[in-house]
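**Student:** Starting off with a structure, shown below.
The values are calculated or read from the model by the stated rules, or taken from the named source; none is laboratory data. Being a predicted model, the structure only gives us computed values, none of them experimental. When we count neighbours, we look across all protein chains shown, and the Cβ atoms used for this are built from the backbone with ideal geometry, even at glycine. Side chains are part of the model used for accessible areas, which takes the heavy atoms of the whole protein and leaves out ligands, DNA and RNA. Shrake-Rupley method; radii C 1.70, N 1.55, O 1.52, S 1.80 Å.
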Amino acid sequence: MSQIEEVSIEKFKHLVSERALTGETMLLNMGPQHPSTHGVLRLLLELDGEIIVNCIPDIGYLHTGIEKNMEAKTYQKAEVMTDRLDYMNTIGNNLAYVIAVEKLVDLDVPARAQGLRVILTELQRIASHLVWLGTSGLDLAAMSMFLYCFREREQILDIFELVSGQRMMTTYFRPGGVWRDVPVEFEKAVRDFIRIFPKRIDEYESLLTKNPLFIDRMVAIGCLSKEVALQYGVTGPALRASGVDWDLRKVRPYSGYEQYDFNVPTRTEGDAYARYLVRIDELRESLKIVEQALNKLPLGPVRSENRKFVPPPRSEIGVSMESLIHHFKLWTEGFPAPKASIYSAVESPRGELGLMLEGDGGPKPLRVHLRTPSFDNLAVLPQIVKGHLVADLVAILSSIDIVLGDIDR
Amino acid sequence: MDKKLEPIVKAVQDKFGATYEEFRDEVHFFVKPDQIVEALTILRDEFHFELLSALTATDYWPQTAPRFHVIYQLTSLVNNLSVQIRVPLNGSSSSIPTATRVYAVANWRERELLDMFGIEFDGHPDPRRILSPEDMEGHPLRKDFPLGYEEPQFTFNFDEIDLRKPYAKE
């Protein structure tokens, strides 16, 4: 086996304080195999007793080269890579990708497909926030939260399985619409969820929101000011908890979000507790959107009729020569996109999920860049943990809600 | 183009002699590498582009002049606007001043570009690789870097692969 390299202080000299060099403060590795780092994140901590003097995140353990892989695939095939990006928000990543492709090639999407996209994306947002709520409860030793949250998440994953056959990596959205129409059981399953979920949110709140132990651990911990948040490109609930009213669903509506009535919860404190409250409120708002979208869901086609980009339905292939040709061309060659670049962004549960997509005139993208929210949200961590205890670091890390698949790509 | 963008486009054109392109209502400026810090500062302070949404690059290999575009995507929360600045870089001298002093978010994003494209940022406070291991050779997102099919090492085949790969030994 290969030798283990000895790490010398020389490499980190410019990142730690002078006191670490004399041995006055201690350097401690937290992770990459640490349950509260929510994945494979290594934090190099410089500690004075139990107080954090410096924190140096080390990322890249989960780097899988998703951007490079997407550049080697046609536009349709590259979509499956986006599922693997932020594995708590698979449907939201699909949405970001299909919207970017549709913008690049200028493709229309039928109203029913847009409605379905909104319903599923908001359900995914709820599922993602539930995982956050469960695991951050777990980090603060509130074990039962995890069990309750996963019970409801299971119900959402069942809905995904119903519509796409997959629980997590659905790839249900396609450029120009969705894969196929939802089955008849879909409406009942979603209505069931809408009926029970408000009571469940109250249940979660009764366990945490006014719990004195929880408040002690969360209030005035990891304060993030508005100015620092913007400097570090923090977006999503973490930015809204610092008093910036910025939600892409509201300010730059996509996929028909302008039709729905919902609020953007904001707080001004900027601490871990404010981030918790913002996400809890977002659960309720997302549920409102799901209900409205389901009530308004129009009938009609779920895929664009533009055969240059969207494959024809199976039934047409047997009777129409032209359909057969389209089908063959689309699945062997793919469709060409113009030699131009676009940037489009959607609001993922963690913040602004942007895609810079550059075509070269052929069927494969020249460059795909994924602007993932967790990457920038983690970059601010060293600034907000200084002066806190190691135990508070765990609370702060869970309150900014990172997903390592989203960071390392 | 959005009406609100017109004065900004005009100001940047006058100040830097920048050209711009428009596609699907997005405006892309082209500025020279030595102007980028000033351009970002002006856009942040005078036109309220508080957020550097994305900082990335594109490799146009085998074209060498310019080989890269470094891309800055800026967002204004106050006016709800976006602009993109592109800085063409030649393959032989791919270095550009760092934007860390204008936007702190550029720190990690520039480390990512150093890692993935080998673009040097002059004056960067912490120029280390961010995602790949320190001892890695090459820059994966460059177009001349092959999309690898490397055989994974397990305990049962480690020695066999180890013989073929000199760099895996230490």
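**Student:** Take residues that are crowded, with 21+ Cβ neighbours inside 10 Å and tell me which of the helices (runs of 4 or more DSSP H) falling wholly in region A:1-108 contain 1 or more. Lay out the reasoning, then the answer.
**Tutor:** Values: elements: A:18-22, A:66-71, A:79-83, A:90-105.
Answer list for region A:1-108: A:66-71, A:79-83, A:90-105.
**Student:** In region A:287-313, what residues are assigned to a helix (DSSP H, G or I) and over 25 Å from the mean Cα position of the chain (by Cα)?
**Tutor:** Start the filter on region A:287-313 by keeping residues that are assigned to a helix (DSSP H, G or I), which leaves A:287-296.
Once the filter is applied, which keeps residues that are assigned to a helix (DSSP H, G or I) and over 25 Å from the mean Cα position of the chain (by Cα), region A:287-313 yields A:ASN295, A:LYS296.
**Student:** Within region A:261-279, is there a residue that is part of a helix (DSSP H, G or I), among the basic types (Lys, Arg) and buried (at least 18 other Cβ atoms within 10 Å of the Cβ)? Talk me through it step by step, then tell me what you get.
**Tutor:** In the first step, residues of region A:261-279 are kept if they are part of a helix (DSSP H, G or I); the result is A:272-279.
The next check asks that each one be among the basic types (Lys, Arg); those that pass are A:275, A:279.
Imposing the further condition that a residue be buried (at least 18 other Cβ atoms within 10 Å of the Cβ) reduces the set to A:275, A:279.
Looking for residues that are part of a helix (DSSP H, G or I), among the basic types (Lys, Arg) and buried (at least 18 other Cβ atoms within 10 Å of the Cβ), one finds at least one in region A:261-279, hence yes.
**Student:** Applying the selection to region A:239-266, what residues are more than 17 Å from the chain's Cα centre (by Cα), among the hydrophobic types (A, V, I, L, M, F, W, C) and facing another protein chain (nearest Cβ under 10 Å)?
**Tutor:** Listed by number, the residues that qualify are A:VAL244, A:VAL251.
**Student:** Moving on to the next point. Checking A:VAL182 against (1) surrounded by 19 or more Cβ atoms within 10 Å (Cβ to Cβ); (2) touching a Phe, Trp or Tyr at 6+ places or on another chain (Cβ under 8 Å); (3) among the β-branched types (Val, Ile, Thr), which test does it fail?
**Tutor:** The failed condition is (2).
**Student:** Could you list, in sequence order, all residues of region B:123-154 that are of a type in the set (Asp, Glu) and at pLDDT 80 or above?
**Tutor:** Here is the first cut: in region B:123-154, the residues of a type in the set (Asp, Glu) are B:126, B:134-135, B:137, B:144, B:150-151.
B:ASP126, B:GLU134, B:ASP135, B:GLU137, B:ASP144 - these are the residues of region B:123-154 that are of a type in the set (Asp, Glu) and at pLDDT 80 or above.
**Student:** Among the residues of region A:162-179, write down those that are open to solvent by 60 Å² or more (accessible area, probe 1.4 Å) and within 21 Å of the chain's Cα centre (by Cα).
**Tutor:** Answer for region A:162-179, where residues must be open to solvent by 60 Å² or more (accessible area, probe 1.4 Å) and within 21 Å of the chain's Cα centre (by Cα): A:GLN166, A:ARG167, A:MET168, A:ARG174.
**Student:** Being aromatic (Phe, Trp, Tyr) and under 21 Å from the mean Cα position of the chain (by Cα) is the filter here, so list the residues in region A:198-238 that pass it.
**Tutor:** The answer is A:TYR232, and nothing else.
**Student:** Report, by residue number, each residue of region A:214-251 that is free of Cβ contacts under 8 Å to residues at least 24 places away in the same chain and more than 22 Å from A:ARG125 (Cβ to Cβ). So that I can check it myself, show each step before the final result.
**Tutor:** Within region A:214-251, the subset free of Cβ contacts under 8 Å to residues at least 24 places away in the same chain is A:216, A:227, A:230-231, A:244-246, A:250-251.
Listed by number, the residues that qualify are A:ASP216, A:GLU227, A:LEU230, A:GLN231.
**Student:** Also, I was wondering about something else. Filter region A:125-145 down to the residues that are open to solvent by 20 Å² or more (accessible area, probe 1.4 Å) and within 17 Å of A:ILE402 (Cα to Cα) and list them by number. Before you say what the answer is, go through the steps one by one.
**Tutor:** Narrowing region A:125-145 to residues open to solvent by 20 Å² or more (accessible area, probe 1.4 Å): A:135, A:138-144.
Listed by number, the residues that qualify are A:THR135, A:LEU138, A:ASP139, A:LEU140.
**Student:** Which condition from (1) open to solvent by 30 Å² or more (accessible area, probe 1.4 Å); (2) over 19 Å from A:ARG409 (Cα atoms); (3) more than 8 Å from chain A (Cβ to nearest Cβ) is the one that B:PRO146 breaks?
**Tutor:** Tallying (1) open to solvent by 30 Å² or more (accessible area, probe 1.4 Å); (2) over 19 Å from A:ARG409 (Cα atoms); (3) more than 8 Å from chain A (Cβ to nearest Cβ), B:PRO146 fails exactly one: (2).
**Student:** Count, please, the residues in region A:208-245 that happen to be in contact with a strand residue (DSSP E or B) (Cβ under 7 Å, 6 or more places away or on another chain) and not hydrophobic (A, V, I, L, M, F, W, C).
**Tutor:** The qualifying residues number 3.
**Student:** Take the residues of region A:383-406 that are closer than 13 Å to A:VAL234 by Cα and within 14 Å of chain B (Cβ to nearest Cβ): which is surrounded by the fewest Cβ atoms within 10 Å (Cβ to Cβ)?
**Tutor:** Filtering first and then ranking leaves A:GLN383.
**Student:** Then there is this: Of all residues in region B:155-170 being of a type outside the set (A, V, I, L, M, F, W, C) and at pLDDT 80 or above, which is least open to solvent (accessible area, probe 1.4 Å)?
**Tutor:** Only one residue fits best here, namely B:ASN157.
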